[in-house]
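Here the structure is laid out as structure tokens; the discussion comes afterwards.
What follows is calculated from the coordinates using simple rules that are stated; it is not laboratory data. Being a predicted model, the structure only gives us computed values, none of them experimental. Cβ atoms come from the backbone with ideal geometry, glycine included; neighbour counts cover every protein chain shown.
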Amino acid sequence: MKFDPYDELGLEPGATPEEIDKAFRERAKETHPDAGGDAKDFQRAQRAVAILRNPKKRKHYDETGDSGEEKPEQHPDFHSLTYIGQLIGKLCELPNLDKLMHMDLAQQLRNGVNEDLGHLSEAISAKRQGIARAEKLLGRFKRKGNGFNVLEDAVKFRIQAFHDGIKELERATVKMKRALEILEEFSFNPTEDPNKAIFRHFDQLGFTKSPRGMFDYYGT
């Protein structure tokens, strides 16, 4: 069957970039393997968004109907969406989720991202401190006699490893901040707080909570 990127994302040919991104996020949420979806369906969604978000490829498809056979390119938000999928997965695994449904779970997800960003910041700071400490060792280890200074090279290797680790953490920070931006677009429709429901039930029966914390009957 001929591949139709518009049909794959449930879009009309005149869809805007914003509509394409929104449709991809919804489709990714349904098909991403981390969310229990099918990997092949997720790859098809990736292929569709790669065509539609590339002006040249989209123009070529619109004019010829040829989607090409190249491997799908990753959506620019792929890693951020994968991270969000992992957060949703953790949320769904909570045994007490029913008891949390009265909370703003969208805000809780954002809080979780901010917490992870804090951990990343601490990790980056720790690696920078490691670099500063390691640099103090440079030139200090002297080998007795001639030969390869394995300790000096080990220090240099460790410094480079710290730098590489910082770059990786900084890339993760960028992706995580983008995930936070995406989550800012969402709200959560909570259920009623069970405690509030109890008080309303008492109120309907003619009871009210007094300032002393006791329940008094209206009719007395």
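Rounded to the nearest 500, the 222 nm mean residue ellipticity of the chain from helices alone is -21000 deg cm²/dmol, with -39,500 (n - 2.57) taken per DSSP H run of at least 4 residues. Here the simple spin-label model places points 7 Å from the Cα toward Cβ, and for L151 and D66 these points are separated by 6.6 nm. Anything over 20 Å Cα to Cα? Flag those among K2/K22; K2/K40; K156/K177; K127/K167; K29/K99, in the order listed. Over 20 Å Cα-Cα: K2/K22; K156/K177; K29/K99. On full extension, the segment bounded by N189 and L91 gains 33.7 nm, given 0.36 nm per residue less the C-alpha separation. Between T16 and I182, the modelled label-to-label distance comes to 2.0 nm, taking each label 7 Å out from Cα in the direction of the beta carbon. Spatially, segment 1-60 and segment 62-135 are offset by 20 Å when compared through their Cα centroids. Once the chain from R143 to Q74 is taken as fully extended at 0.36 nm per residue, the excess over their C-alpha distance is 19.8 nm. Neighbour counts of C-beta atoms inside 10 Å place F3, F24 in the sequence F3, F24, starting with the fewest. Listed peptides 97-108, 172-183 appear in the order 172-183, 97-108 once ranked by packing, highest mean of other Cβ atoms within 10 Å at the front.
Fully extending the segment from D38 to R158, taken as 0.36 nm per residue of separation minus the present Cα-Cα distance, adds 39.1 nm.
What shape does segment 55-198 take by its C-alpha gyration tensor, where a ≥ b ≥ c are the square roots of the eigenvalues and a/c under 1.5 counts as rounded, a/b above b/c as prolate, and the rest as oblate? Cα axes put segment 55-198 in the oblate bin.
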